[in-house]
Amino acid sequence: MDALDRVVKPKTKRAKRFLEKREPKLSENIKNAMLIKGGNANSTVTQVLRDVYALKKPYGVLYKKKNITRPFEDQTSLEFFSKKSDCSLFMFGSHNKKRPNNLVIGRMYDYHVLDMIELGIEKFVSLKDIKNSKCPEGTKPMLIFAGDDFDVTEDYKRLKSLLIDFFRGPTISNIRLAGLDYVLHFTALNGKIYFRSYKLLLKKSGCRTPRIELEEMGPSLDLVLRRTHLASDDLYKLSMKMPKALKPKKKKNISHDTFGTTYGRIHMQKQDLSKLQTRKMKGLKKRPAERIAEDQEKSKRVKKN
């Protein structure tokens, strides 16, 4: 039995709190990412991992030592590190003659590799090479995806889902305008993925809504898709399953449209519109001749009955 798989009883209160944090919850913890460099990682790959770690702080773990492993051939090392550091996302960097400047991005389900995608770095500009102001640590980014491939091709669809998982950060209920600090832009065009990072500048516009300008912040990457290891449809569906306690209860006679507007249906008894009180106006008053005609009709009805 693996040392991490055995049942451990906590001996101190600190150890008990540590194990309680790792227990399954209805609302899971924020997904952390581990960034690992392979045994033959060069300076470019190492700098990419450092820059991604700077964007992910404080929800990331950067392993500084080299780890000799091949994710597509043996995944036990990644699963071991995932369980050890409690990370459900990973990025692995390596470099060799066959696949130069190689990045593998993936995610875990129950401490086992769910899916991973291999990307090749063709062009890279580091954070330190762009001399602009940077965003504060722990800032939640805005994600923009451009290109038809992200909605058409299956590999690109899964890559989009993976990138959203990797960079989305904590789930929040409210946000203020000043909290929108930077944008991560992904473009799929002609078989390449262009990754750009921009700082958001709010300028005066003379009205209540500010004028927005984008200033490149870094890092900047030109990527190409290489190998993929995707989960089966059944396993992917199982990983997306939501607990019953979190599912919203269906309310009767309430519906929502595509824009989020709520509509309610009210059930009422049949109304007699002749008794409906309307606004009194001189123009709506009946003439004496009309009143006499109505009185005659009422008297005829009474006689017939």
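The values are calculated or read from the model by the stated rules, or taken from the named source; none is laboratory data. It should be emphasised that the depicted structure is a prediction, and the values quoted were computed from it without experimental measurement. Positions of Cβ are backbone-derived with ideal geometry, glycine not excepted, and every protein chain shown enters the neighbour counts. SASA here: full protein model, heavy atoms, side chains in, ligands and nucleic acids out. Shrake-Rupley method; radii C 1.70, N 1.55, O 1.52, S 1.80 Å.
If you build a Gaussian network model of the chain, linking Cα atoms that sit under 10 Å apart, which residue out of T261, T171, T76 swings the most?
In the Gaussian network model the winner is T261.
Put +1 on the Cβ of every Lys and Arg and -1 on every Asp and Glu Cβ in segment 28-239; which of N42, S133, V52 then has its Cα farthest towards the positive end of the dipole?
S133
Among E20, E122, E216, which one shows the highest mean-square fluctuation when the chain is modelled as a Gaussian network with alpha-carbon springs under 10 Å?
Comparing E20, E122, E216 in the GNM, the peak value goes to E20.
Segment 134-212 to segment 254-268: how many Å between their Cα centroids?
That distance is 32 Å.
Going Cα to Cα from K285, which lysines come in below 25 Å? Please leave out same-chain ones fewer than 8 positions away.
K275, K298, K300
For the chain, what is the mean residue ellipticity at 222 nm derived from helices alone (per DSSP H run of n ≥ 4: -39500 (n - 2.57); sum divided by total residues; nearest 500 deg cm²/dmol)? Intermediate results must be reported in sequence, preceding the final value.
On the way: 7 runs with 76 residues, N = 305.
Theoretical 222 nm ellipticity from helices: -7500 deg cm²/dmol.
Can you tell me the relative contact order of segment 1-158? Whole percent, Cα pairs under 8 Å, sequence separation 6 or more.
21
Suppose every Lys and Arg Cβ carries +1 and every Asp and Glu Cβ carries -1, with no other charges. What dipole size does the chain come out with about its Cα centre, to the nearest 20 debye? Mind showing how you got there, number by number?
Working: 67 positive and 35 negative charges, 503 e Å.
With Lys and Arg at +1 and Asp and Glu at -1, about 2420 debye.
How large is the dipole of segment 193-299 about the Cα centre if only Lys and Arg carry +1 and Asp and Glu carry -1, each at its Cβ, rounded to the nearest 20 debye?
Dipole size: approximately 660 debye.
Can you tell which of L230, T258, G218 lies farthest toward the positive end of the dipole of the chain, using +1 and -1 charges on the Cβ of basic and acidic side chains (Lys, Arg; Asp, Glu)?
Of the candidates, T258 comes out farthest on the positive side.
Distance cut-off 31 Å, Cα to Cα: go down the list K134/K237; K31/K64; K25/K56; K25/K203; K199/K247; K9/K157 and report the pairs above it.
Result: K134/K237; K25/K203; K199/K247; K9/K157 exceed 31 Å.
For K160, go through the aspartates and glutamates and keep the ones whose alpha-carbon is under 16 Å away, minus same-chain ones fewer than eight residues off.
D115, E118, D148, D149, D151, D222
Quantify, in whole percent, the carbon and sulfur part of the accessible surface of the chain (1.4 Å probe; protein heavy atoms only).
That fraction is 52 percent.
Given an 8 Å cut-off on Cα distances and at least 6 residues of separation, report the relative contact order of the chain as a percent.
In percent, rounded to a whole number, it is 15.
Of the residues K275, K252, K57, which exhibits the maximal mean-square fluctuation in a Gaussian network model of the chain defined by a 10 Å Cα contact cut-off?
It is K275.
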